[in-house]
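The values are calculated or read from the model by the stated rules, or taken from the named source; none is laboratory data. The shown structure was predicted, so the numbers you read here are calculated from the model rather than taken from an experiment. Here the Cβ is made from the backbone with ideal geometry for all residues, glycine too, and neighbour counts use every protein chain on show.
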Amino acid sequence: MSDYVRIFDTSLRDGEQAPGASMTSAEKLEVARALARLGVDVIEAGFPAASPDDLAAVQAIAAEVGQVAVVGRPQKEPPVICGLARCTRKDIEAAWQGVKGAQRPRIHTFLATSDIHLEHKLRMSRVEMLARAVEMVAFAKSLCADIEFSPEDAGRSDPLFLYQVLEAVIKAGATTLNIPDTVGYTMPDEYGALIAGIIEHTPGAKNVIISVHCHDDLGLAVANSLAGLRAGARQAEVTINGIGERAGNAALEEVVMAIRTRGEKFGLATGIDATQLCRTSKLVAHNTSYPLPPNKAIVGANAFAHESGIHQDGMIKNAQTYEIMRPEDVGAVQTTLVLGKHSGRAAFSKRLAELGYALEGDALLKAFNEFKKLADRKKAVHDADLIALASDERATVPELWALENLQVVCGTTSVPTATVRLRDPAGKIHNYAASGTGPVDAAYKAIDAIVNLPVTLLEFGINGVTEGIDALAEASVRVRHEDQRSSHGHGADTDIVVASAKAYIASLNQVLSRQATSRAQHPQQTPTVSIHSP
C-alpha cells in the first residue's frame, strides 16, 4: 500500500552497537519475540559475521521468530528476519547462514558512498566502490530474493554519484534502498530533499522500497526520518528507545506515535500495536542496562505525569488539554493493586503472562516465592513490582553463584562491613566479611574475595520501581572483565543493598557463563577460572 510504512527495527544490531549495550543470545531472542508481538515488519537480528555468538543468535531468531506467525502478532505472517553484511563474500555468506532459516529472510549489505569515507576509510575510488557494490549485491541476490542495500554516509554523499550507485544496485537485484544519515549531519529539509531527489532522479527507484535510517548526533533523527517519509520513503529503520551508536538512532516509539497522532499531517499508517510500546521499551532497557530518562518521550516515567497545578486543573477538566495521546494507547496503564499476599500462584502466573512475562517451572516458583515475601512487606503490589520480580528471575544466564545471605553494619560512627554467604556452582557454601567505603562497596569486596573473578565496575545504578518508602528497588550493574568485554546484571529487592549484591553476582555469572561457552568452543585457548574460598 502506498500509505503503509514498514517498520524496520535494528535494536538487535545497530542498537546493540551502543557502548556496553550488548545482549546475550537468550536476551536477543527474548527481545525478538517482543518485537514480533509489537508488529514490526522487519527485524534486523544482528551482524552474523561479527562473532559466532551473533551468528547463533540470528539463526535462533530466524528459526523461531521468523518461521511462524508469533502469538499476539498483529500481522498474520512472521516478520522479515534480516542480517547485516559488509560488501564482502564472507560477510554475505555469513548473513545468509544466519537468516536462511526464516520464512522471509533478507540480506542487508552496505558500502560507503561519501568521498570522506571513500578516501580515508575505504581507500577506494568511486569507480571501485561502484563495481564492488554491484558485484556484492548480485552475489547476495544469488542467495536470497530480498536484498537491501545501504550507501553508508549517504547524507554527505554527492547526490549525482548516489543516483548512479542506486541505479546500478537496483539492476543488480536490490529490492530495498536504505538511505543512511550515518553521522546525523543533515537537517530535516535537506534529508527530505535527498529522499525526494532519489525517487525522482534514480531510474527504477519507484519500483523498490526507499528506507530512512537516521542517527541522532544533532537530536534530529526522528525529525529527519519523518521528513524522509513525507518525501516518499516507505520504510523507517528505528530502534526501541532510540538506542544505538553515539547519540543513538531514531526511536521507534516516537516515529510510530508521530505518524499516528498527526495522521492528518502524514496520511500514513504502520502495523505497530502501540499498546505494546511501554512493555517492549522496558524489556529493551532491562536487557541492555540502558535505563530510560524520566522525560523520555512516549515511554518515560514522566511522559504522562503532571505536577503543575495549572496542568492538573486542566487534566481534571479535560485530559486533552495537556495530553495529545492517552497513556493506554501506548500501554502505560497503571494498575493500583493487582495482587496481594493471599493471591495464589495461578493468579500470579496469569497476571505475569498478561504483562508479557510467561515464566514456567522453577523460574515461576522462584518468582512467586519472592512475590509472597514482597507482599508480606508491602501494602500494595503494583504491576511494576511484578515486572521487576519477573525480570530478576528470568533464566537468561545460568545462576552459577547465588546469594544465600547478606548482613551489613554501617552508620555515621562505624566502619561499613558486609558479611556475605554465597553458594558456588557445585553447591558449596562460602562465607566472607569485608569492609568498604559503604555497605554496597563492602558487599562487593566480600563477593570479589569469594568468587575471585577480576572485573572492573563500570556502572552502578539503582531505581525505585514504585513509589513509597516500601518501594521495590531495582539495581543495575555493568562490569568489564580482563578480556575487555562488558557484562551486565540486574537485581530486585526491597533492600537496596541486597538488590545491589544480586545485580553484581548476576553480572559475574554472565562473565563466567561466557567463559564456559568459550572454553567449550576453544578448549585450548581459554584459561579456567578457579573458585577461591577465603
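Taking the condition outside the structural domain of Arg480 (by TED's automatic domain parsing), closer than 19 Å to Val511 by Cα and either modelled with pLDDT of 95 or more or not small (Gly, Ala, Ser) (or both), does Pro52 pass? Lay out the reasoning, then the answer.
Numbers: outside the structural domain of Arg480 (by TED's automatic domain parsing): yes; closer than 19 Å to Val511 by Cα: yes; either modelled with pLDDT of 95 or more or not small (Gly, Ala, Ser) (or both): yes.
Criteria met by Pro52.
Of all residue pairs spaced 6 or more apart or on separate chains, those with beta-carbon atoms under 7 Å, a first member in segment 257-277 that is under 15 Å from Ala223 (Cα atoms) and a second member that is of a type in the set (Ser, Thr, Tyr) are Ile259/Thr270.
Out of curiosity, is Ile7 on the phi < 0 side of the Ramachandran plot, in contact with a Ser or Thr (Cβ under 7 Å, 6 or more places away or on another chain) and either in contact (Cβ under 8 Å) with a residue 12 or more places away in the chain or not assigned by TED's automatic domain parsing to the domain that holds Thr176 (or both)? Reasoning before the result, please.
Details: on the phi < 0 side of the Ramachandran plot: yes; in contact with a Ser or Thr (Cβ under 7 Å, 6 or more places away or on another chain): yes; either in contact (Cβ under 8 Å) with a residue 12 or more places away in the chain or not assigned by TED's automatic domain parsing to the domain that holds Thr176 (or both): yes.
Spelling it out, Ile7 is indeed on the phi < 0 side of the Ramachandran plot, in contact with a Ser or Thr (Cβ under 7 Å, 6 or more places away or on another chain) and either in contact (Cβ under 8 Å) with a residue 12 or more places away in the chain or not assigned by TED's automatic domain parsing to the domain that holds Thr176 (or both).
Tell me yes or no: at least one residue of segment 139-147 is touching a Cys at 6+ places or on another chain (Cβ under 9 Å), in contact (Cβ under 8 Å) with a residue 24 or more places away in the chain, within 19 Å of Thr182 (Cβ to Cβ) and buried (at least 17 other Cβ atoms within 10 Å of the Cβ). Among the residues of segment 139-147, not one is touching a Cys at 6+ places or on another chain (Cβ under 9 Å), in contact (Cβ under 8 Å) with a residue 24 or more places away in the chain, within 19 Å of Thr182 (Cβ to Cβ) and buried (at least 17 other Cβ atoms within 10 Å of the Cβ), which makes the answer no. Screening segment 356-377 for residues that are surrounded by fewer than 15 Cβ atoms within 10 Å (Cβ to Cβ) and among the acidic types (Asp, Glu) and picking the one that is nearest to Arg279 (Cα to Cα) gives Glu360.
Has segment 482-496 got any residue that is aliphatic (A, V, I, L, M), over 25 Å from the mean Cα position of the chain (by Cα) and at pLDDT 80 or above? Let's see the steps before the verdict.
In the first step, residues of segment 482-496 are kept if they are aliphatic (A, V, I, L, M); the result is 492, 496.
Among the residues that remain, those that are also over 25 Å from the mean Cα position of the chain (by Cα) are: 496.
So of that shortlist, the ones also at pLDDT 80 or above come out as 496.
Yes, the conditions are met somewhere in segment 482-496.
Those residues that are within 27 Å of the chain's Cα centre (by Cα) and within 22 Å of Val42 (Cα to Cα), I need them from segment 111-139; list them, please. First the steps, then the outcome.
If we filter segment 111-139 for residues that are within 27 Å of the chain's Cα centre (by Cα), which is where we start, we get 111-112.
Residue satisfying the conditions is Leu111 alone.
Can you confirm whether Arg33 is closer than 20 Å to Leu143 by Cβ, in the same structural domain as Lys100 (by TED's automatic domain parsing) and of a type in the set (Lys, Arg)? When the stated conditions are applied, Arg33 does not pass them.
Filtering segment 144-202 to residues that are among the hydroxyl-bearing types (Ser, Thr, Tyr) and in contact with a Gly (Cβ under 9 Å, 6 or more places away or on another chain) leaves Tyr163, Thr182, Tyr185, Thr186, Tyr191.
Determine which single condition Val455 fails, assuming it passes every other condition in (1) over 10 Å from Ser507 (Cβ atoms); (2) modelled with pLDDT of 85 or more. Going through the list (1) over 10 Å from Ser507 (Cβ atoms); (2) modelled with pLDDT of 85 or more, Val455 breaks only (1). Ala388 meets each of the listed conditions (1) touching a strand residue (DSSP E or B) at 6+ places or on another chain (Cβ under 8 Å); (2) at pLDDT below 70 apart from (2). Just one of (1) without any contact (Cβ under 8 Å) to a residue 40 or more places away in the chain; (2) closer than 27 Å to Lys100 by Cβ fails for Glu167. It is (2).
Kindly indicate the residue of segment 209-227 that is more than 24 Å from the chain's Cα centre (by Cα) and buried (at least 21 other Cβ atoms within 10 Å of the Cβ) and also nearest to Ile324 (Cα to Cα) among those meeting that condition. Show your work before the answer.
We begin by selecting, within segment 209-227, every residue more than 24 Å from the chain's Cα centre (by Cα); these are 209-210, 227.
Okay, now just the ones that are also buried (at least 21 other Cβ atoms within 10 Å of the Cβ), so 210, 227.
Numbers: Ile210: 30, Ala227: 21 Å.
My answer is Ala227.
In the condition set (1) under 23 Å from the mean Cα position of the chain (by Cα); (2) surrounded by 23 or more Cβ atoms within 10 Å (Cβ to Cβ), Pro78 is compliant with all but (2).
For segment 198-205, indicate whether the set of residues that are assigned by TED's automatic domain parsing to the domain that holds Leu111, more than 18 Å from Arg156 (Cβ to Cβ), more than 22 Å from the chain's Cα centre (by Cα) and acidic (Asp, Glu) is non-empty. Yes: one or more hits.
Any residue that is under 21 Å from Asp9 (Cβ atoms), of a type in the set (A, V, I, L, M) and surrounded by 15 or more Cβ atoms within 10 Å (Cβ to Cβ) - is there at least one of those in segment 115-138?
Start the filter on segment 115-138 by keeping residues that are under 21 Å from Asp9 (Cβ atoms), which leaves none.
No, every residue in segment 115-138 fails to be under 21 Å from Asp9 (Cβ atoms), of a type in the set (A, V, I, L, M) and surrounded by 15 or more Cβ atoms within 10 Å (Cβ to Cβ).
Taking segment 236-251 as the range and being in contact with a Ser or Thr (Cβ under 6 Å, 6 or more places away or on another chain), touching a residue at least 40 places away in the same chain (Cβ under 8 Å) and closer than 15 Å to Ile272 by Cβ as the test, the residues that pass are Ala236, Glu237, Thr239, Ile240, Asn241. Applying the criterion of being farther than 30 Å from Gly232 by Cβ and in a helix (DSSP H, G or I) to the residues of segment 261-306, the residue that is modelled with the lowest pLDDT is His286. In segment 240-260, is there at least one residue being under 11 Å from the mean Cα position of the chain (by Cα), part of a loop (DSSP other than H, G, I, E, B) and in the same structural domain as Ser225 (by TED's automatic domain parsing)? Scanning segment 240-260, I find at least one residue that is under 11 Å from the mean Cα position of the chain (by Cα), part of a loop (DSSP other than H, G, I, E, B) and in the same structural domain as Ser225 (by TED's automatic domain parsing), so the answer is yes.
Inspection of segment 342-364 finds no residue satisfying the criterion of being at pLDDT below 80, in contact with a Phe, Trp or Tyr (Cβ under 8 Å, 6 or more places away or on another chain) and hydrophobic (A, V, I, L, M, F, W, C).
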